[in-house]
Structure formats: C-alpha cells, structure tokens
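The values are calculated or read from the model by the stated rules, or taken from the named source; none is laboratory data. Everything numeric here is computed off the predicted structure, so don't read it as measured data. Every residue, glycine as well, gets a Cβ built from its backbone with ideal geometry; the counts of neighbours run over all protein chains shown.
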Amino acid sequence: MLDLGRQPSANRFLARADIAREFMFRLAIGMCHSCTMVQLIEDVPEEIRYHDGYRYRASGSATHRRHFARVARELLATELAGPNPFIVEIGCNDGVMLETIARAGVRHLGVDPAKEVTELARERGVNVLDAFFGDSVAEGIRAEHGSADVIFGANTVCHIAYQDSLLRGVDTLLGPDGVFVFEEPYLGTVISQMAFDQIYDEHVYYFTARSVQQMAQRYGFELVDVGRSPLHGGEIRYTLTRPGRRRPSPAVGELLADERHRGLADPVTFQRFADAVAKIRDDLLTLLRDLRDRGSTVVGYGAPGKTATVTNYCGIGPELVPFVVDSTPAKQGLLVPGSHLPVRPPQAFTTANPDYALLFAWNHADEIMAKEQAFSRRGKWIRYVPDVRVG
Ligand code: TYD
C-alpha cells in the first residue's frame with residue numbers, strides 16, 4: 001500500500017553518542033487479502049520498541065487525561081458495577097486510565113513492559129505487572145486474581161504483533177460475560193486525514209470494523225459495538241464479547257456499510273492515498289527549502305511518535321528544522337529518532353522567537369493554539385495533514 005522507506009523505532013529518542021548504533025528498518029504497510037487487516041510488512045521486535053527508556057507518556061496532554069478519566073468513570077458505572085469487579089489494562093503506560101479505577105477502590109491490574117513509565121503509574125496508586133500481555137501472562141493473572149470483567153486497551157492492541165497469543169490470552173482471562181474494549185487508530189481516519197505519520201513501528205495493525213470483526217471471529221469472539229474516540233485525530237473504540245452474549249449495536253452495521261462505501265479494503269483507495277502522501281512530502285520539502293533560502297527561521301512543535309515518520313520519510317534534518325520543542329521532560333535533551341532533530345523544552349520556543357512553527361503534534365492543535373496565542377499573533381503555523389498549508 002505504502003512504503004515510507006528506512007525508518008527508526010519512532011519513540012526511541014536517542015543521545016548523540018548513540019547515533020552510530022541506531023536501529024533502522026523498512027516501514028511499509030500492506031493489506032491481507034483474506035481478512036483485510038492492514039499491517040506492517042516488517043515488524044520491529046517489541047524489546048526494541050518498549051524498553052526501559054521508552055519515552056511515550058499517555059498523560060502528556062490535558063485532553064488525554066480528561067478522556068481517560070471519562071472512560072474509567074463510564075466503565076465503573078457499567079461493566080464494573082457488579083460485585084467485586086476486576087479490570088485488566090493491556091499497556092497501562094503511566095496509569096492515566098487506571099488511576100481513576102484505583103481511586104474508586106476497584107480491583108485492577110495494568111500489564112506493561114516499559115518500567116520507567118510504569119513507575120509513574122505505581123506512584124499514582126496503580127497495580128502494575130511489568131510484562132508483555134500474552135497467553136501465558138494471562139494464565140498467571142487468572143490463577144492469581146480470577147477472571148476479568150473488563151480487559152481494556154488504548155493505543156496498545158494494534159501495537160501487538162503476535163495476535164494469536166494476545167487473543168488466546170484474552171480468551172483465558174475474560175469471564176464468560178466479560179468485555180474486551182480497545183480504542184485504537186482507525187484506518188478510515190488515517191486515510192481521510194492523510195495521517196500517514198500515524199504509521200510507525202509501534203502501530204503494527206491499522207484496524208477497521210471489518211478487519212476487527214474478522215479477527216474476533218477467528219478467535220471465538222464477536223464484535224458487538226463500535227464508538228468514536230477523539231484522540232490522535234479520531235480513533236474507534238471496539239467492544240468484543242463471547243458470541244451471542246449481547247445483541248450487536250446498530251453502530252457496527254453502520255460502520256461496516258460506511259467502510260464498504262469508502263472502499264477501505266480497495267487497492268484503488270490505497271493507491272490514491274499513497275499518491276497524496278508523496279505530494280505532501282514534495283510540497284513540505286519545497287516549502288521548508290524556500291523558507292531556509294529566504295532566511296526565515298522554523299522550529300518544530302511537539303515530538304510525538306509521528307515526528308519520526310514525517311521527518312525521515314521527507315528527509316527533514318536539522319538543516320531545515322534546527323530543533324523541536326516538546327513538553328515531555330524525558331524527551332528533552334535527546335534527538336528525534338532517525339532525523340536527529342534536537343528536542344528542547346517549550347521555553348526554547350519563546351526564546352527562539354521563530355518566524356514559522358511546524359506543527360508535528362497536530363492532534364493537539366487546540367490545546368497548543370490556546371497556549372501559544374502570542375506566537376500566533378506574529379508567527380505562522382505550518383501544517384502538513386491533510387495537506388501542506390501555512391497560516
Ligand atoms: P501524542 O499525541 O501522545 O502522540 P503520539 O502517540 O503520536 O506519540 O504526543 C504528543 C506530543 O506532543 C507529546 O510528546 C507531548 C507534546 N506536546 C507538547 O509538547 N506541548 C503541548 O502543548 C501538547 C499538548 C503536547
């Protein structure tokens with residue numbers, strides 16, 4: 001479908017001394033002709049993606065914190081309202097969701113291998129098992145805590161390459177009436193927003209209702225609900241149960257019909273997408289080179305995982321964007337993987353007083369615009385999805 005060339009592991013921010021040893025792989029996606037699952041063609045071992053120095057923090061924005069507090073309250077009021085409920089979160093990160101569950105005194109366990117991040121969850125009173133979720137880990141949890149009423153994941157299920165072990169683990173751990181709920185980047189959004197920078201090593205699968213339904217059936221589950229989540233530009237929340245336990249909501253059929261109508265499993269759609277992505281690359285490079293030649297200054301705003309994809313695919317290095325600013329302390333002082341743009345704290349943005357800001361964290365545009373009104377009055381923002389624009 002799309003080849004984005006040689007790329008690093010997108011959240012493996014690195015020190016200058018480690019450049020020579022940097023891990024690179026070929027970032028390309030394709031679609032399975034039998035189940036329509038869109039996926040990475042080459043995947044990166046999870047020990048490389050989620051290591052002790054893993055920099056992603058799910059609590060990195062107020063929008064994320066509000067969203068996950070709301071998700072937790074909804075689960076508490078519905079699926080977790082019975083006697084002595086138990087919830088397991090796959091990839092709990094810094095505890096942004098489970099913190100609300102823990103405060104309500106509900107039995108819970110986060111399963112996440114990135115120790116530096118899970119320390120933050122523990123500080124928030126969240127119980128964490130440092131492990132990759134899979135069938136044997138699920139058996140251990142069940143033996144110790146019993147079966148789960150809810151298994152939850154947010155931006156983690158699509159990260160797990162070994163779908164067999166994951167779904168068998170869910171089968172082992174989920175109670176007979178339990179739900180498996182996960183919200184993940186949506187192929188429909190990636191294509192409609194031209195969000196090709198959502199494609200990176202951590203996102204192994206790019207779900208649609210159709211491909212998730214196929215996956216559910218293959219492992220003895222049923223897709224009974226879909227809903228929209230606003231994060232990362234627009235995701236879908238899927239709910240799976242054991243077959244026949246709940247009447248599927250009309251939203252499932254509606255989304256499946258919409259996907260057929262939009263051709264989300266159609267090679268022609270992917271060809272159009274790939275052509276438009278190549279145009280973004282050409283337009284963005286032309287713009288940045290023009291600005292440099294005219295002596296204008298450009299600073300990158302935000303260093304999400306997306307930054308690695310767009311800078312490495314387009315060939316944007318420090319000669320075009322001398323540095324990016326990001327509010328995550330763990331990223332500051334390091335380099336963006338592959339393209340090696342230095343990451344500095346947000347104050348550096350004010351000090352540099354640039355003419356242009358290239359908005360990498362575009363999914364947080366509202367929060368960032370509210371914060372950077374002084375810059376907006378004199379400088380200009382550059383966006384590159386769904387197309388390159390300055391304003
Ligand atoms: P995030 O949306 O979590 O994306 P991804 O999953 O693509 O890595 O990352 C947003 C990044 O932007 C994160 O590193 C924090 C940063 N950020 C700022 O620097 N300033 C801000 O005001 C906001 C909201 C985010």
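Does the stretch 55-68 contain at least one residue that is farther than 26 Å from Gly233 by Cα, modelled with pLDDT of 95 or more, out of contact with any Phe, Trp or Tyr (no Cβ under 9 Å at 6 or more places or on another chain) and surrounded by fewer than 24 Cβ atoms within 10 Å (Cβ to Cβ)? Break it down stepwise before answering.
Kept after step one, since they are farther than 26 Å from Gly233 by Cα, are these residues of the stretch 55-68: none.
No, the stretch 55-68 contains no residue that is farther than 26 Å from Gly233 by Cα, modelled with pLDDT of 95 or more, out of contact with any Phe, Trp or Tyr (no Cβ under 9 Å at 6 or more places or on another chain) and surrounded by fewer than 24 Cβ atoms within 10 Å (Cβ to Cβ).
Answer yes or no as to whether Asp290 is surrounded by fewer than 14 Cβ atoms within 10 Å (Cβ to Cβ) and at pLDDT 95 or above. Before you say what the answer is, go through the steps one by one.
Numbers: surrounded by fewer than 14 Cβ atoms within 10 Å (Cβ to Cβ): yes; at pLDDT 95 or above: yes.
Yes: the conditions hold for Asp290.
Only one residue in Arg21, Arg66 is without any contact (Cβ under 8 Å) to a residue 40 or more places away in the chain, over 27 Å from Val137 (Cβ atoms) and within 19 Å of the chain's Cα centre (by Cα). Which one?
Going through Arg21, Arg66 in turn, the sole match is Arg66.
Please verify whether the stretch 253-261 includes one or more residues that are touching a residue at least 60 places away in the same chain (Cβ under 8 Å) and surrounded by fewer than 15 Cβ atoms within 10 Å (Cβ to Cβ).
yes
Taking the residues in the stretch 86-133 that are out of contact with any Asp or Glu (no Cβ under 8 Å at 6 or more places or on another chain) and in a helix (DSSP H, G or I) as candidates, determine which candidate is surrounded by the most Cβ atoms within 10 Å (Cβ to Cβ).
My answer is Ile101.
What are the residues in the stretch 40-71 that are of a type in the set (D, E, K, R) and assigned to a loop (DSSP other than H, G, I, E, B), if any?
Glu42, Asp43, Asp52, Arg55, Arg57
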